[in-house]
Amino acid sequence: MSVKQSDEANKSTRIASSTELNSWKRGFTPQAEIWNGRMAILGLIVVLTILLVSNLIFSG
């Protein structure tokens, strides 16, 4: 890839502000992907916490 092609590729991207990334937009948008990831991690933490607490309660 030449330098000219690299510069053209970089011009198509733009920096998004934090308020734009945190906005709640529906559909297949970057904001929806960010919230999907956040909710997935939250769900994983909740499930692991429930498993840990139930293991401590019912193991002994």
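Since every read-out is calculated from the coordinates, none of them should be taken as a lab result. Note that the structure is a prediction, hence the values are computed from the model and not measured. So basically every Cβ, Gly included, is an ideal-geometry build from the backbone, and we count neighbours across all protein chains shown.
Summing +1 for each Lys or Arg and -1 for each Asp or Glu among the other residues whose beta-carbon sits under 15 angstrom from that of GLU33 gives +2. With both labels modelled 7 Å from their Cα along Cα-to-Cβ, the TRP24 to VAL53 distance reads 2.5 nm.
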